[in-house]
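S.K.: Below is the structure I would like to discuss, written out as structure tokens.
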Ligand code: DGL
């Protein structure tokens, strides 16, 4: 029987966006097996009620627990903002969540103006607004709802005219207001960094919280005595509630991973 430390980490998102977190965790914790679940059939979460996001997050977590996951990373700002408290109360495993990185952007801003690009669900949530209020005294924080961009990434439309148009619509007004940090408050958005940079150039720092989430995951596993052994037979597994083609396309063409299981 497999030792608990060598059981996989579960990671989930409403779709392929959480792969931006998966990449960082895989890099930092190379011995860990990972089960990734994309809830494509129910994407986007950003437009759903809190009750619905809780329901989907609980179902996906149960799926990961049933596959023996020793811990779960909620690689979705929307699900973390709306459902992680419920998940922590309901399941006995450790959870790691992700919320838009307001603090580092606000502390490091030189112009005193930053923007958060996230889904409607995240921007409306109590969790996010508590973090925002803590820092809004010293920094002007502009909120931008970027739900349409989730579809761009889900459909692999980065680098297209449509992606460019939507990004211009969101980011041009921010450039006029002299932001110097743009927080990528949705895990899908790191896959748009090249497109975003075409608009912001070097004038704006793009804050991607994924590396910090990987460090936090390592810290939690260490604390709980759950780091995989160096002899662990690492496995990658990917599941989708919808069209597996989206995940497959992202893994093969964007991430460059050729060997994995569904
Ligand atoms: N990737 C997600 C997030 O970080 C959710 C996008 C969505 O489903 O609306 O918020």
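The values are calculated or read from the model by the stated rules, or taken from the named source; none is laboratory data. Please read these numbers as outputs of a predicted model, since none were measured by experiment. Because the Cβ atoms are built from the backbone with ideal geometry, glycine has one as well, and the counts that use them run over all protein chains shown.
S.K.: Which members of the range 11-58 meet the condition of being out of contact with any helix residue (DSSP H, G or I) (no Cβ under 8 Å at 6 or more places or on another chain) and either away from the ligand (no atom under 15 Å from the Cβ) or under 18 Å from residue 148 (Cα atoms) (or both)?
M.R.: Hits for the range 11-58 are 18, 26, 30, 31, 41, 49, 51.
S.K.: If you don't mind, another one. Only residues that are part of a helix (DSSP H, G or I) and farther than 18 Å from residue 238 by Cβ: list them for the range 36-55, please.
M.R.: Matches in the range 36-55: 50, 51, 52, 53, 54, 55.
S.K.: Still on this model: Among the residues of the range 61-84 satisfying the criterion of being more than 16 Å from the ligand (Cβ to nearest atom) and in a helix (DSSP H, G or I), which is nearest to the chain's Cα centre (by Cα)?
M.R.: 64
S.K.: Identify all residues within the range 85-98 that are part of a loop (DSSP other than H, G, I, E, B), within 16 Å of the ligand (Cβ to nearest atom) and surrounded by fewer than 22 Cβ atoms within 10 Å (Cβ to Cβ); write none if there are none.
M.R.: 97
S.K.: Separate question: Identify the single condition in (1) more than 15 Å from the ligand (Cβ to nearest atom); (2) closer than 21 Å to residue 16 by Cα; (3) crowded, with 21+ Cβ neighbours inside 10 Å that residue 183 does not satisfy, given that it satisfies every other one.
M.R.: Single failed check for residue 183: (1).
S.K.: Would you check if residue 139 is more than 15 Å from the ligand (Cβ to nearest atom), at pLDDT below 95, more than 20 Å from residue 38 (Cα to Cα) and in contact with a helix residue (DSSP H, G or I) (Cβ under 8 Å, 6 or more places away or on another chain)?
M.R.: When the stated conditions are applied, residue 139 passes them.
S.K.: With the requirement that a residue be modelled with pLDDT under 95 and surrounded by 15 or more Cβ atoms within 10 Å (Cβ to Cβ), what does the range 209-231 give you?
M.R.: 209
S.K.: Can you confirm whether residue 61 is within 24 Å of residue 153 (Cα to Cα) and buried (at least 20 other Cβ atoms within 10 Å of the Cβ)? Explain how you work it out, then say what you get.
M.R.: Values: within 24 Å of residue 153 (Cα to Cα): yes; buried (at least 20 other Cβ atoms within 10 Å of the Cβ): yes.
For residue 61, the condition - within 24 Å of residue 153 (Cα to Cα) and buried (at least 20 other Cβ atoms within 10 Å of the Cβ) - is met.
S.K.: Could you tell me which of the residues 9, 34 is buried (at least 24 other Cβ atoms within 10 Å of the Cβ) and under 16 Å from the mean Cα position of the chain (by Cα)?
M.R.: Exactly one residue qualifies, and that residue is 9.
Quick grid of which residues meet (1) within 12 Å of the ligand (Cβ to nearest atom); (2) in contact (Cβ under 8 Å) with a residue 24 or more places away in the chain; (3) touching a strand residue (DSSP E or B) at 6+ places or on another chain (Cβ under 7 Å); (4) in a loop (DSSP other than H, G, I, E, B):
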{"position": "103", "(1), (2), (3), (4)": "no, yes, no, no"}
{"position": "110", "(1), (2), (3), (4)": "no, yes, no, yes"}
{"position": "115", "(1), (2), (3), (4)": "no, yes, yes, no"}
{"position": "130", "(1), (2), (3), (4)": "no, no, no, no"}
{"position": "133", "(1), (2), (3), (4)": "no, no, no, no"}
{"position": "148", "(1), (2), (3), (4)": "yes, no, no, no"}
{"position": "187", "(1), (2), (3), (4)": "yes, yes, yes, yes"}
{"position": "196", "(1), (2), (3), (4)": "no, yes, yes, no"}
{"position": "203", "(1), (2), (3), (4)": "no, yes, no, yes"}
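S.K.: Taking the range 150-185, which residues are in contact with a strand residue (DSSP E or B) (Cβ under 8 Å, 6 or more places away or on another chain) and over 24 Å from residue 125 (Cα atoms)?
M.R.: Those that are in contact with a strand residue (DSSP E or B) (Cβ under 8 Å, 6 or more places away or on another chain) and over 24 Å from residue 125 (Cα atoms): 177, 178, 180.
S.K.: Here's another thing I want to ask about it. Taking residue 72 as the residue in question, decide whether it is in contact with a helix residue (DSSP H, G or I) (Cβ under 6 Å, 6 or more places away or on another chain) and at pLDDT 95 or above.
M.R.: Here the answer is yes, as residue 72 does meet what is asked.
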